[in-house]
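The structure appears below as structure tokens.
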Amino acid sequence: MKKTILITGGAGFIGSHVVRLFVNKYPDYQILNLDNLTYAGNLENLKDIENKPNYSFIKADIVDADKMNEIFTNYPIDSVIHLAAESHVDRSISNPLDFIMTNVVGTVNLLNAAKTAWKDNFNDKLFYHVSTDEVYGSLGETGLFLETTPYDPRSPYSASKASSDQFVRAYENTYGLPIVISNCSNNYGANQFPEKLIPLFINNIKNKKPLPIYGDGKYTRDWLWVEDHAKAIDLIFHRGKLGETYNIGGFNEWQNIDLIKALCKLMDDKLNQPQGTSETLITYIKDRPGHDKRYAIDATKLNQELGWSPSLQFEEGLSKTIDWYLSNEEWLNNVTSGNYQNYYITQYETI
Ligand code: NAD
Ligand code: TYD
């Protein structure tokens, strides 16, 4: 079946893996990658598919409502996979308004444009909204986030994502827009901007810079390999039930300090340096304000209904991720030049 799918945020970390998967796997689909190329968006992520006949790139800002309407007028879009977002918690603490504009206003602009273009005839249409487990808040020592867990966002980032999720649901309830939402845990893998924990620490170990651990390092996250997230999105897009939420997670919880020690060991091996060398870079710094203690996803529904499970063990995924960063020095140098330096100094001025 032919489709024209608008994927937003396709030049970013997760979006680029989703675009690549869809372009390669579905030659009959036209994939439109809409991205404003913020600091986190990088077309180098898609060099291998940029000349494929079923791929096009549109540079546009989802905050621009007129532009969104124009794009829906110019292309026969029948589905949206919406990933464009401001995505880093630390940046949301310094600049909450940027997150409200892109994550909330931008999402509502897309919902309006889709609703208008589809003229309330929603046969074979889909608005798929990609969200995060952070909307559920923070867990104690036990328990898991279920699809029914009440929302309790606690950072400006998660508040903006929770708000966008609620607007997507409101458009289904009020106008009958066909939607599906997925909420995923922390991703890792190739092409992640080195402000997030894993690529930041790989880059710092490579450059023998301190590894800034917030607070006591005993915060817990559930980690999923990004290509497994992209495969889950493919499954949910094609077989998910309309109106449903699907949680996606790695069944793979790590306290930050244990993860960092495992990363340090692997890095020592890869860099042919004595075991223990990278760990000497560990530096505890002032905690992130409002730092969520623990996230953990129960992805049983996705597993039971659609047969999805993560394909990679964490050690293997981490090893592949390190190899990617070590062999893509030019990518890393390009994204860490310019404004990245200013961000780094402001965020980590104490070390
Ligand atoms: P990212 O920051 O790497 O990429 C975001 C992309 O959106 C970039 O290419 C950027 O240029 C684009 N963008 C930002 N503002 C835009 C705007 N106003 N108009 C058009 N494009 C804009 O983010 P990511 O980590 O790939 O996350 C993608 C999505 O997945 C987000 O919605 C995020 O909330 C969600 N998510 C991320 C994770 C994770 O661990 N990274 C986990 C669960 C869910
Ligand atoms: P991050 O990659 O920012 O993802 P999120 O906050 O969305 O889960 O951070 C993952 C964990 O690592 C989180 O508990 C914060 C911690 N962290 C540090 O300790 N130091 C850092 O420099 C960064 C970026 C994160």
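Taken together, the values in this text are just the output of simple stated rules run on the coordinates, not laboratory data. What you are looking at is a predicted structure, and each value in this text was computed from that prediction instead of being measured. Neighbour counts run over all protein chains shown; Cβ positions are idealised from the backbone, glycine included.
Amide H to amide H, with H built 1.01 Å from N, residue 211 comes under 5 Å of 282, 283, counting only residues 5 or more places away or on other chains.
Got a sec? Charge dipole of the chain, +1 on Cβ for Lys and Arg, -1 for Asp and Glu; which of 256, 214, 186 is way out at the positive end? Value: 186. Taken over the range 75-115, the alpha-carbon convex hull comes to 61 cubic angstrom per residue. Placing one identical point scatterer on every Cα of the range 9-49 and ignoring solvent, what is log10 I(q)/I(0) from the Debye formula at q = 0.14 Å⁻¹? The Cα Debye sum returns log10 ratios of -0.27. Comparing Cα centroids, the range 118-146 and the range 261-311 end up 24 angstrom apart.
If the label point is 7 Å along Cα→Cβ of residue 255, which residues in the range 115-159 have backbone nitrogen under 15 Å from it? Correct set: 140-142. Once you divide the Cα radius of gyration of the range 186-297 by 2.2 N^0.38 Å, the number left is 1.23. Rg/Rh for the range 123-236 stands at 1.03; both radii use Cα atoms, and Rh follows the Kirkwood definition. Projected label points at residue 239 and residue 94, each 7 Å from Cα along the beta carbon direction, are separated by 4.3 nanometres. Which log10 I(q)/I(0) values does the chain give at q = 0.13, 0.14 Å⁻¹ under the Debye formula, counting every alpha carbon as one identical point scatterer? For the chain at q = 0.13, 0.14 Å⁻¹, log10 I(q)/I(0) is -1.02, -1.20.
Compared with the direct C-alpha span, the chain from residue 306 to residue 173 gains 45.4 nm at full extension, assuming 0.36 nm per residue.
Over all pairs of distinct alpha carbons, what does the Kirkwood formula give as the hydrodynamic radius of the range 69-147, in Å?
Result for the range 69-147 stands at 14.9 Å.
Overall form of the range 250-320: oblate. Here a/c, set by the Cα gyration tensor axes a ≥ b ≥ c, is 1.5 or more, and a/b is not larger than b/c.
Put in order of Cβ neighbour count within 10 Å, fewest first, the listed residues 68, 101, 1, 267 become 1, 101, 267, 68. Here's the picture: a label point sits 7 Å out from the Cα of residue 4 along the beta-carbon direction, and within the range 118-141 the residues with their amide nitrogen under 18 Å of it are 118-128. Once C-alpha pairs closer than 8 Å and six or more residues apart are averaged by separation and normalised to the residue number of the chain, the relative contact order reads 17 percent. Sorting 238, 229, 88 by the number of Cβ atoms found within 10 Å of their own Cβ, with the fewest placed first, yields 238, 88, 229. Rounded to the nearest 5, what is the percent of antiparallel bridges among the DSSP beta bridges in the range 209-338? Counting DSSP beta bridges with both partners in the range 209-338, the antiparallel share is about 40 percent. Summarising the label geometry, the points placed 7 Å from Cα in the beta-carbon direction at residue 24 and residue 148 lie 3.9 nm from one another. Estimated from the Cβ-Cβ distance and a Förster radius of 45 angstrom, the FRET efficiency linking residue 285 and residue 43 is about 0.85. Please state the charge dipole magnitude for the chain, taken about the Cα centre, from unit charges on C-beta atoms (+1 on K and R, -1 on D and E), reported in debye and rounded to the nearest 20. About 180 debye.
For the range 110-155, the average shadow cast by the Cα convex hull is 4.8 nm², which is a quarter of the hull's surface.
Residue separation times 0.36 nm, minus the C-alpha to C-alpha distance between residue 69 and residue 319: what's the value?
On the way: separation 250, 0.36 × 250 = 90.00 nm, distance 4.33 nm.
Additional length available on full extension: 85.7 nm.
Between residue 275 and residue 341, the contour length at 0.36 nm per residue exceeds the alpha carbon distance by 20.8 nm. Among the trypsin sites (Lys or Arg not before Pro) in the range 7-62, those located in a DSSP loop and surrounded by at most 14 other Cβ atoms within 10 Å of their own Cβ are 47.
Counting every other Cβ atom within 10 Å of each residue's Cβ, 43, 144 order from fewest to most as 43, 144.
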